[in-house]
Amino acid sequence: MKPKELLSVLSVAGSLKSVTRHCDLSDDRKESVAEHSWRLALLALLLEDEFSDTDINKVIRMCLIHDLGEAFTGDIATFKKTGADSLREKELYLNWVNGFPEYQRHEFLSLINEMEEMKTKEAKLYKALDKLEAVIQHNESDIKTWLPLEYDLQLTYGSEEVKFSSYLTELKEVIDRWTIEKIENESK
């Protein structure tokens with residue numbers, strides 16, 4: 001990638017530092033998409049030993065690029081996002097990626113396709129971790145910021161995606177216990 005192209009791509013990606021997500025952080029500010037993607041990639045790296053039969057470097061790449069489309073559309077909470085929203089985000093993202101030099105275009109399109117098909121261990125792990133990181137972050141936020149529907153969503157979000165892995169199923173159970181304790185402590 002030529003220097004000017006690189007700077008252009010980084011500029012678009014860098015906008016995710018200020019694109020906020022629905023969830024608050026523990027310091028009472030909104031989480032950025034970039035913060036979510038960074039911690040998601042770190043989570044994948046930390047689980048490398050647990051998933052030794054999986055290409056963790058590919059999972060990390062998926063984690064880093066999965067929300068780049070939100071540089072064009074902003075983040076829309078999962079319980080508000082429509083099929084039309086997803087289609088628009090994908091279209092804008094693909095238009096951007098199609099302008100990349102051949103090697104990067106091929107890499108990004110290949111990863112995007114693999115993430116959408118959800119057939120590989122890597123895609124399944126990325127998707128499960130994406131859901132779990134969101135639930136973890138939500139548990140770290142002040143419960144006063146939760147919407148009523150999020151009390152149940154915290155316990156169901158990611159439940160299906162983790163089923164392929166006993167480790168992730170156990171991790172989800174630990175997170176769920178944390179969620180239940182948080183909710184119970186609110187009512188005291």
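Using +1 at the C-beta of Lys and Arg and -1 at the C-beta of Asp and Glu, which of LEU129, LEU46, ALA77 has the Cα lying farthest in the positive direction of the dipole of the stretch 34-141?
Of the options given, the answer is ALA77.
Past the 30 Å Cα-Cα mark, which pairs from LYS81/LYS144; LYS2/LYS81; LYS80/LYS119; LYS2/LYS131; LYS2/LYS80? It would help to have the intermediate numbers written out before the result.
Numbers: LYS81/LYS144 23 Å; LYS2/LYS81 35 Å; LYS80/LYS119 26 Å; LYS2/LYS131 35 Å; LYS2/LYS80 38 Å.
Flagged as over cut-off: LYS2/LYS81; LYS2/LYS131; LYS2/LYS80.
Non-local amide H neighbours of LYS30 (under 5 Å, H modeled in plane, Pro and chain starts lacking H): which ones?
Hits under the 5 Å cutoff: LEU25.
About its Cα centre, what dipole magnitude does the chain give when the only charges are +1 on Lys and Arg Cβ and -1 on Asp and Glu Cβ, stated in debye to the nearest 20? All intermediate terms of the calculation are to be shown ahead of the outcome.
Working: 25 positive and 37 negative charges, 114 e Å.
Rounded to the nearest 20 debye, it is 540 debye.
Can you tell me the FRET efficiency between THR145 and VAL12 if r is taken as the Cβ-Cβ distance and R0 is 30 Å, rounded to the nearest 0.05? Mind dumping the intermediate values first?
Numbers: r = 29 Å, r/R0 = 0.96.
It comes out at approximately 0.55.
Based on the Kirkwood radius over alpha-carbon pairs, what value in µm²/s does the Stokes-Einstein equation return for the translational diffusion coefficient of the stretch 27-77 at 10 °C and 1.306 mPa s? Write out the running numbers ahead of the final one.
Working: Rh = 12.0 Å.
This corresponds to a translational diffusion coefficient of 132 µm²/s.
So for the pair PHE164, LYS2, with labels modelled 7 Å out along Cα→Cβ, what separation do we get in nm?
Going from the PHE164 label point to the LYS2 one covers 3.9 nm.
Test of understanding: extend the Cα→C-beta vector of TYR103 to 7 Å, then name every residue of the stretch 1-40 with backbone N under 11 Å from that spot.
Within reach of a label on TYR103, which here means backbone N under 11 Å from a point 7 Å along Cα→Cβ, the stretch 1-40 contributes 1-2.
Going through the cross-link list LYS17/LYS124; LYS58/LYS124; LYS30/LYS121, which pairs have a Cα-Cα distance over 23 Å in this structure?
Numbers: LYS17/LYS124 26 Å; LYS58/LYS124 12 Å; LYS30/LYS121 31 Å.
Over 23 Å apart, Cα to Cα: LYS17/LYS124; LYS30/LYS121.
Give me SER110, SER141, SER52 sorted ascending by neighbouring Cβ count inside 10 Å, so fewest comes first. Walk me through the numbers on the way to the answer.
Values: SER110 12, SER141 19, SER52 8.
The most exposed by this proxy come first: SER52, SER110, SER141.
Only sites in a loop by DSSP and with at most 15 other Cβ atoms within 10 Å count here; which chymotrypsin sites (Phe, Trp or Tyr not before Pro) in the stretch 116-187 make the cut?
On the way: sites: TYR126, TRP146, TYR151, TYR157, PHE164, TYR167, TRP178; in loops: TRP146, TYR157, PHE164.
For chymotrypsin sites (Phe, Trp or Tyr not before Pro) across the stretch 116-187 that sit outside H, G, I, E and B with at most 15 neighbouring Cβ atoms in 10 Å, the list reads PHE164.
Show me the trypsin sites (Lys or Arg not before Pro) within the stretch 7-56 that DSSP assigns to loop and that have at most 11 other Cβ atoms within 10 Å of their Cβ.
Details: sites: LYS17, ARG21, ARG29, LYS30, ARG39; in loops: ARG29.
Answer by residue number: ARG29.
Run through the stretch 44-116 and list the GluC sites (Glu not before Pro) located in a DSSP loop whose Cβ has at most 15 other Cβ atoms within 10 Å.
Numbers: sites: GLU48, GLU50, GLU70, GLU89, GLU91, GLU102, GLU107, GLU114, GLU116; in loops: GLU48, GLU50.
Loop-located and lightly packed - GLU48, GLU50.
Would you order VAL135, VAL97, VAL174 from fewest to most other beta-carbon atoms within 10 Å of each residue's own beta-carbon?
By the 10 Å Cβ count, ascending, the order reads VAL174, VAL97, VAL135.
Every number in this text was worked out from the coordinates using simple rules, so none of it is lab data. All values derive from a computational prediction rather than experimental measurement. FYI the Cβ positions are ideal-geometry reconstructions off the backbone, even for glycines, and counts take in every protein chain you see.
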